[in-house]
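FYI, it's all coordinate maths here, none of it is from the lab. Bear in mind the structure is a predicted one, so any value in this text is a computation, not a measurement. In this analysis, Cβ positions are derived from the backbone assuming ideal geometry, glycine residues included, and neighbour counts consider all displayed protein chains.
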Amino acid sequence: MADERARRAERRVLGSDPMTAARALLGATLTVRGASVRIVEVEAYRGSEDPASHAFRGRTPRNEVMFGPAGHLYVYRSYGIHICMNVSAGPNGIGWAVLLRSGEIIGGEEIVRGRRPGVADDHKLARGPGNLGSALGVTMADAGADLLGPGSELQLRLGDPVEFASGPRVGVSVAADRPWRLWIPGSRAVSVYRRSPRAPLPGPATDAGGSNP
């Protein structure tokens, strides 16, 4: 019963605005079929108010999970190759999500190394969204998984609040200056910031005001 109450509380946190959900996901543990990571970098996406979001133009079969209950897995292929993981956020029907960008391996390192051969440095095993998906062995078949569900093969546990830094999202060509990427300072697993070559020149940053990612 206590665990059930904790899960409901976690879902309420993720069901708030995407920046609050993003902050809550920093330091969280995600376990997938024997491998576990501590999330150290995320990006918030705000649906119809965010031209960089997959939900900007509305609901489609592809982004359906983003419009469903909070705490579910939205996955997509980047460049047709890399599996990227997002956690649905906000109330039903609104299309918010948080991209999981990077993690530190905290369990199942041998399993991860089998999936990431040739990567010598521990901090690079799950650095960047595509590498994170590969490290955890996530596939498109995992789309829609309830990360807070007791019977799911993908288990998310939120942790205590952590200190974080914020800045522009990586590689987006629109809304490029919104400081909606959050990371844990000092973690070597945090990815290197790269601005999209298609993005306009920097202008005044849009302040998310803490609760408006």
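Consider a paramagnetic label point 7 Å from the Cα of V174 along Cα→Cβ; state which residues of the stretch 57-96 have an amide N under 13 Å from it.
57-58
Using a basic spin-label model with each label point 7 Å from the Cα along Cα→Cβ, how many nm lie between A6 and R33?
It is 2.5 nm.
If eta is 1.306 mPa s and T is 10 °C, what Stokes-Einstein diffusion coefficient results for the chain, Kirkwood Rh from Cα pairs, in µm²/s? Don't jump to the answer; show the numbers that get you there.
Numbers: Rh = 17.0 Å.
After rounding, the answer is 93 µm²/s.
Could you go through the stretch 101-108 in sequence order and give the Karplus-derived ³J(HN,Hα) for each residue, using 6.51 cos²θ - 1.76 cosθ + 1.60 with θ = phi - 60°, rounded to whole Hz, and x for Gly and Pro?
With the stated coefficients, the stretch 101-108 comes to 8, 8, x, 9, 6, 10, x, x Hz.
Before anything else, pin down the relative contact order of the chain: Cα pairs under 8 Å, at least 6 apart, normalised by residue count, whole percent. Kindly include the intermediate steps, with their values, before the conclusion.
On the way: 517 pairs, mean separation 53.7, N = 213.
Once divided by the residue count of the chain, the mean separation gives 25 percent.
Given springs between every Cα pair under 10 Å in a Gaussian network model of the chain, which of P117, P150, P18 has the largest fluctuation?
Comparing P117, P150, P18 in a Gaussian network model of the chain, the most mobile one is P117.
Evaluate the distance, in nm, between pseudo-label points positioned 7 Å from the Cα of A120 and of V192 along their respective Cα→Cβ axes.
Label-label distance for A120 and V192, simple model: 1.6 nm.
GNM, the chain, Cα, under 10 Å: largest mean-square fluctuation among S16, S36, S78?
It is S78.
Using each residue's phi in the stretch 39-51, evaluate 6.51 cos²θ - 1.76 cosθ + 1.60 at θ = phi - 60° and report the 3J(HN,Hα) Karplus result to the nearest Hz, with x for Gly and Pro.
6, 10, 8, 9, 9, 8, 10, 10, x, 5, 8, 9, x
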